[in-house]
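**Q** Here it is, the structure in full.
The values are calculated or read from the model by the stated rules, or taken from the named source; none is laboratory data. Note that the structure is predicted; figures quoted are calculated from it, not measured. Positions of Cβ are backbone-derived with ideal geometry, glycine not excepted, and every protein chain shown enters the neighbour counts.
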Amino acid sequence: MSSAKEPEAVFCPQGGMHAPEPPRQSGSSSLPSAVVEQAGRRLSVMALLLMGAVSVNFVLGLLLYGAGGPGAPPRLSLDRARNVGIFLLSAALLAVARSRLPAARKVEAGLVFHILGAAVMSASFFTVDPLLQITPSQLTWLGPFILLFPLLAPTTPKRAIAAALVAASTGPLCLVAYTLVADAPWPSRTQLVGTFLPYYICAAMAIVPAVVLRGVATDLKAANDRIREIGVYKLLSRLGAGGMGEVWRAEHRLLARPAAIKVIRPRPDASPDDRREATARFEREAKVTAQLRSPHTVSLFDYGLTDDGAAFYAMELLDGVDLETLVQRHGPVEPSRAIHFLRQACDSLAEAHDLGLVHRDVKPANMIAQRSGRARDALKVLDFGLVTLGARPKANDPKLTDAGVVVGTPAFMAPEQVVGDVADPRADLYALGCVGYWLLTGVLVFDAESPVRMLIDHARTPPVPPSKRSKSPIPADLEAVILACLAKDPAERPQSADELDRRLAACEDAGAWTPERARAWWDQHARPAAVATG
């Protein structure tokens with residue numbers, strides 16, 4: 001394994017590893033990124049619409065007039081050239097809008113298109129018999145194009161009106177160029193003012209949509225700033241998001257202490273029952289976690305409601321990796337290290353069990369191997385959202401994810417959970433045996449094609465000994481402990497987390513996983529935690 005140091009994501013206390021979102025810049029437009037980043041989509045739609053419109057216009061011209069000839073408008077060739085020019089410019093804008101360029105660069109490309117598109121229109125409208133074209137009573141499509149474009153390419157009012165004035169100036173510039181080249185008579189002052197003043201008025205009015213959009217953007221930014229402060233915590237970067245909530249890296253505003261803020265924000269389309277269930281589970285998770293003091297259980301600092309009624313809690317920010325990711329990234333761990341992790345998990349679960357609590361969702365993704373001070377491989381157990389007091393769940397119990405459906409993760413679910421019986425602490429020990437199996441082999445106890453088949457296997461199928469599925473030797477005494485945890489009958493398993501801890505401690509053949517070995521592993525493989533910025 002390479003020892004090269006790369007930025008590592010800070011663990012999101014929700015299960016999994018998430019890279020912090022980089023700070024988003026709005027570029028030279030100085031508008032909030034939430035507005036600027038919509039520019040690419042708007043410009044894409046506009047480009048597609050223009051390409052479609054000029055294509056239809058071009059085809060209709062061919063159907064009506066063919067290649068030209070008697071009866072065709074004298075400006076037919078110039079109109080067709082304008083259509084081709086607008087089509088090509090729109091195609092180029094579409095390519096830029098759909099590229100991976102920063103949003104601010106797309107806005108700048110839109111401003112260039114604004115000016116070049118106006119020039120193409122002006123070349124069509126104000127050349128070839130210009131005296132017929134520059135009548136005061138006629139306003140071409142150039143006017144709406146100048147006026148409405150700031151809504152499509154959001155930028156500051158100053159830049160918007162500057163681009164609009166340049167676009168409006170393409171009309172008289174094209175007329176001057178044509179008059180000089182064709183030696184045509186100059187129009188009167190009345191014709192010039194009456195024709196081109198409306199376009200400059202449109203350019204001046206273009207500041208209106210720009211200012212309106214700027215005001216909306218400012219309101220959005222203010223709302224976003226309010227959202228980025230919850231209670232006494234300042235949100236720095238989002239670490240992860242799911243269907244019902246988000247986790248943010250945060251900092252206490254007075255103590256500058258880092259924290260992870262978990263916020264429950266149900267989907268807009270979630271039903272009232274789903275919202276109540278999610279909130280109830282979230283509150284239960286916070287209250288249960290706050291009761292636990294084991295050094296191997298994630299610590300909860302605070303709990304409350306945001307101004308808009310969303311529930312949140314603050315917990316310690318963990319610098320590490322969950323055991324699922326650790327095995328996926330580095331392969332199965334040594335038996336001594338597996339024992340080290342499992343014994344720490346036993347300490348966390350033993351405290352919960354002493355309080356009459358059953359975790360019910362013990363799995364590698366809910367266990368974090370972390371750096372804590374000088375310690376390495378310090379384990380933290382988290383996500384007590386499915387915790388129960390060990391009673392049989394009812395069909396309408398709000399602790400169920402869906403009415404009448406057992407809860408938990410199929411790959412780590414005890415047989416009694418599968419059939420809906422009482423889930424007592426021994427169900428957590430079964431799941432912990434599944435975690436040990438994963439740590440030693442890198443595979444699940446039952447790797448079925450579907451969750452239902454997996455649940456059936458947990459309920460009925462004897463597990464294959466881990467030594468038969470591991471490329472490395474597994475001590476017989478450790479394998480016996482793992483298989484005892486995986487017994488179908490809870491009476492045949494270790495009867496408490498303390499008993500399991502003693503049996504793991506007695507596995508002498510595995511050797512010892514020392515602090516020195518843990519530090520050496522982290523020095524070689526682990527990557528420094530990324531610094532979140534806000």
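**Q** Could you tell me whether the stretch 289-297 includes any residue that is surrounded by 18 or more Cβ atoms within 10 Å (Cβ to Cβ), within 27 Å of Ala411 (Cβ to Cβ) and at pLDDT below 90?
**A** Among the residues of the stretch 289-297, at least one is surrounded by 18 or more Cβ atoms within 10 Å (Cβ to Cβ), within 27 Å of Ala411 (Cβ to Cβ) and at pLDDT below 90, which makes the answer yes.
**Q** While we're looking at this one, here's another question. With the requirement that a residue be part of a helix (DSSP H, G or I) and under 17 Å from Gly511 (Cβ atoms), what does the stretch 474-499 give you?
**A** Ala476, Asp477, Leu478, Glu479, Ala480, Val481, Ile482
**Q** Residue by residue through the stretch 434-462, note down the ones that are in contact with a helix residue (DSSP H, G or I) (Cβ under 7 Å, 6 or more places away or on another chain) and without any contact (Cβ under 8 Å) to a residue 60 or more places away in the chain.
**A** Within the stretch 434-462, Tyr437, Leu444, Val445, Phe446, Ala448, Pro451, Met454, Leu455, His458, Ala459 meet the criteria.
**Q** Taking interchain pairs and intrachain pairs at least six residues apart, which have beta carbon atoms under 7 angstrom, with the first residue in the stretch 292-309 and more than 16 Å from Glu229 (Cα to Cα) and the second at pLDDT below 85 and of a type in the set (Gly, Ala, Ser)?
**A** Matching pairs, first to second residue: Leu300/Ala286; Leu300/Ala290.
**Q** Spot the failing condition for Leu101; the list is (1) part of a loop (DSSP other than H, G, I, E, B); (2) within 23 Å of the chain's Cα centre (by Cα); (3) modelled with pLDDT under 70, and only one is missed.
**A** Exception for Leu101: condition (3).
**Q** Sticking with this structure for a sec: Only one of Ala352, Ala378, Ala365, Ala345 is in contact (Cβ under 8 Å) with a residue 60 or more places away in the chain, outside any strand (DSSP E or B) and surrounded by fewer than 23 Cβ atoms within 10 Å (Cβ to Cβ); which?
**A** Ala365
**Q** Can I ask one more? Mind listing whichever residues of the stretch 430-480 are of a type in the set (A, V, I, L, M) and surrounded by 20 or more Cβ atoms within 10 Å (Cβ to Cβ)? Before you say what the answer is, go through the steps one by one.
**A** Applying the first criterion (of a type in the set (A, V, I, L, M)) to the stretch 430-480 yields 431-432, 435, 439-440, 443-445, 448, 452, 454-456, 459, 464, 474, 476, 478, 480.
Answer for the stretch 430-480, where residues must be of a type in the set (A, V, I, L, M) and surrounded by 20 or more Cβ atoms within 10 Å (Cβ to Cβ): Ala431, Leu432, Val435, Leu439, Leu440, Val445, Met454, Leu455, Ile474, Leu478.
**Q** If only one of Glu499, Glu479 is of a type outside the set (Val, Ile, Thr), closer than 17 Å to Arg343 by Cα, free of Cβ contacts under 8 Å to residues at least 40 places away in the same chain and touching a helix residue (DSSP H, G or I) at 6+ places or on another chain (Cβ under 6 Å), which one is it?
**A** Glu479
**Q** Residues that are at pLDDT 80 or above: find the helices (runs of 4 or more DSSP H) completely inside the stretch 156-261 holding 2 or more of those.
**A** Hits in the stretch 156-261: 157-182, 189-205.
**Q** State which residue pairs qualify: first residue closer than 16 Å to Thr127 by Cα and inside the stretch 185-203, second residue at pLDDT 80 or above in any location, beta carbons under 7 Å apart, and separation of 6 or more residues or different chains.
**A** Close Cβ pairs (under 7 Å, with a partner that is at pLDDT 80 or above) amount to Trp186/Thr179; Phe196/Gly171; Phe196/Pro172.
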